[in-house]
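The structure appears below as structure tokens.
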Amino acid sequence: MSLLPVEQAQSRLLQTARPIIDIEHLSLHDCDGRVLADNMEARLTQPPFDASAMDGYALKAANAAEPGAVLRVVGESAAGHGFGGVVGEGEAVRIFTGAPVPAGADAVLLQEDAENLDGKRIRTTFPVTLGRHIRPYGQDFRQGDIALNAGTVVDFTRITLAAAMNHASLPVYRRPRVAIIATGDELVSPGGQPGPSQIIGSNTFGIAALARAIGADVIDLGIVPDDRIMITNAIAQAQTAKADVVVTLGGASVGDHDLVQSTLLAAGMTLDFWKIAMRPGKPLMVGSLGSTHVLGLPGNPVSSMVCGLLFLEPLLAKLGHRPSPDRMTTARLGAPLAANDRRQDYLRARLSRNAAGELQVESFGKQDSSMMNIFAQSDCLIVRPPHAPEMGIGALCPILMLRPFIGQGPISA
């Protein structure tokens with residue numbers, strides 16, 4: 001099987017993905033970060049009455065068009081306790097923020113613009129205009145208005161709006177379920193004691209974090225030895241858990257100890273493609289087990305994380321009705337780059353600002369796909385297309401952001 005270009009591999013993967021249609025009804029406390037499955041109508045009008053926007057006095061604007069008007073205070077309107085009478089000529093009602101504006105009043109005079117004469121009368125010290133400091137009925141929304149649309153990612157602002165619209169729960173799409181299977185006799189869980197030929201298995205945790213960040217639920221099936229029966233059992237566990245995506249880590253090549261691909265094929269996987277024209281991450285495997293997507297990520301940590309960004313993240317975004325994060329932008333080179341070969345390269349790099357305030361990028365000298373320390377220090381990946389020519393300092397090049405960059409000034413030597 002020949003090496004597949006990255007863009008073609010991404011397109012083939014996403015073409016087979018169908019957004020999840022299962023809907024859950026969750027309380028507002030459980031909806032943060034979820035995606036709305038239906039349009040939400042307001043069940044009432046907000047505000048439900050003309051309300052005061054300030055503390056002061058409700059009155060007729062015509063009675064206080066000029067400073068110096070003396071008005072008789074005939075009552076009080078507070079939030080939850082409105083004034084039941086009518087404001088007449090030469091009268092005012094003490095009012096507080098959020099309280100209903102009483103009948104007969106059409107403006108609010110700020111309390112600091114009123115001089116208290118004897119506890120029963122006030123003198124205005126500022127002109128009043130019609131409608132001043134009043135929040136009109138239905139200013140925010142009216143009953144029946146669609147204020148939240150299907151496909152909206154719910155956050156704290158939208159939860160607040162839903163609550164104000166009198167919804168105690170919301171219909172949301174089920175999260176994609178991702179089962180992660182790490183394979184290899186050489187792997188030991190963090191906190192364990194590796195033997196003479198073993199290392200700590202770290203990939204699961206980075207891939208799980210990436211999946212959760214895009215709204216997925218993670219099923220960690222642990223580290224599985226290089227044993228066909230045990231790998232088969234882990235695959236069966238993932239299917240029993242109704243995983244939408246099975247992610248395997250390591251063992252997807254065809255060496256004597258690489259058993260994942262052959263075991264998946266024996267379990268009924270249809271292999272779509274294998275091996276991508278990229279570095280790091282060439283031995284990526286993509287297939288399906290019925291309606292379940294299968295992603296076989298490389299064992300080297302950086303390769304696994306880069307493939308996760310390029311393939312798992314957009315796949316989960318589509319399954320979960322989310323826009324795929326746009327991580328691509330451009331930056332000026334702070335150091336020259338040599339010409340590239342036939343594989344698309346993703347170089348770990350750090351960012352700074354040049355004298356003009358533009359983003360400036362410089363790759364790390366070492367790019368071995370096992371070196372997580374450099375990956376963690378990186379702000380982005382420089383993307384080098386196949387056969388890209390050499391580029392000099394100051395040239396504009398594409399970069400893939402790993403996280404938001406807020407740094408200032410040049411990179412220190």
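The C-alpha atoms of the range 1-70 occupy a region whose extents along the principal axes are 91, 30, 18 Å, arranged from largest to smallest. Subtracting the Cα-Cα distance of SER324 and MET371 from 0.36 nm times their residue separation leaves 14.2 nm of extension gain. Counting every pair of alpha carbons in the range 51-135, the share spaced more than 23 Å apart comes to 6 percent.
The alpha-carbon of LYS120 sits under 21 angstrom from the alpha-carbons of these lysines, leaving out residues fewer than 8 places away in its chain: LYS60. Ordering 10-20, 84-94 by mean Cβ neighbour count within 10 Å, with the highest value first, yields 84-94, 10-20.
Taking the Cβ of GLY201 as the center, what net charge do the other residues with Cβ under 14 Å away carry, scoring Lys and Arg +1 and Asp and Glu -1? Here the count lands on -4. For a straight C-alpha distance cut-off of 13 angstrom, the aspartates and glutamates reachable from LYS282 (same-chain residues fewer than eight places away being disregarded) are ASP345. For LYS275, the lysines whose Cα comes closer than 24 Å to its Cα, not counting residues fewer than 8 places off in the same chain, are LYS318, LYS366. From the largest down, the chain spans 96, 55, 41 angstrom on the principal axes of its Cα atoms. Each Lys and Arg Cβ is given +1 and each Asp and Glu Cβ -1; about its Cα centre, the range 328-401 then shows a dipole of about 60 debye. Short to long, the 5 Å bins of the Cα pair-distance histogram for the range 328-401 hold 4, 18, 28, 27, 17, 6, 1, 0 percent of all pairs. The length gained on full extension between SER189 and ALA338, counted as 0.36 nm times the residue separation minus their Cα-Cα distance, comes to 49.8 nm. Hydrodynamic radius of the range 157-275 by the Kirkwood approach over all distinct alpha-carbon pairs: 16.4 Å. May I ask for log10 I(q)/I(0) of the range 131-192 at q = 0.26 Å⁻¹, from a Debye sum over the Cα atoms as equal point scatterers with solvent left out? The calculated log intensity ratios at q = 0.26 Å⁻¹ are -1.23. Relative protection proxy for 374-381, 387-394, from highest mean packing down: 374-381, 387-394 (other beta-carbon atoms within 10 angstrom). When each of the peptides 236-245, 118-127 is scored by the mean number of other C-beta atoms lying within 10 Å of its residues, the order from highest to lowest reads 236-245, 118-127. Evaluated at 4 °C with a viscosity of 1.567 mPa s, what Stokes-Einstein diffusion coefficient in µm²/s does the range 262-337 have when Rh comes from the Kirkwood expression over alpha-carbon pairs? The Stokes-Einstein estimate is 91 µm²/s. Working note: 222 nm ellipticity from helices only, DSSP H runs with n ≥ 4, each -39,500 (n - 2.57), summed and divided by the residues of the chain, gives -4500 deg cm²/dmol to the nearest 500.
Once C-alpha pairs closer than 8 Å and six or more residues apart are averaged by separation and normalised to the residue number of the range 64-168, the relative contact order reads 25 percent. Sequence-distant contacts, meaning Cα pairs under 8 Å at least 6 residues apart, place the relative contact order of the range 140-245 at 30 percent.
Overall shape of the range 274-413 was characterised from the C-alpha gyration tensor. The equivalent ellipsoid obtained from it has semi-axes of 28, 17, 13 Å, in decreasing order. Relative to the current alpha-carbon distance between ASP140 and THR125, full extension at 0.36 nm per residue lengthens the span by 2.3 nm.
No lab work stands behind these numbers, since they all come straight from the coordinates. Source: prediction; values computed, not measured. Here Cβ is always computed from backbone atoms with ideal geometry, including for glycine, and neighbour counts include all displayed protein chains.
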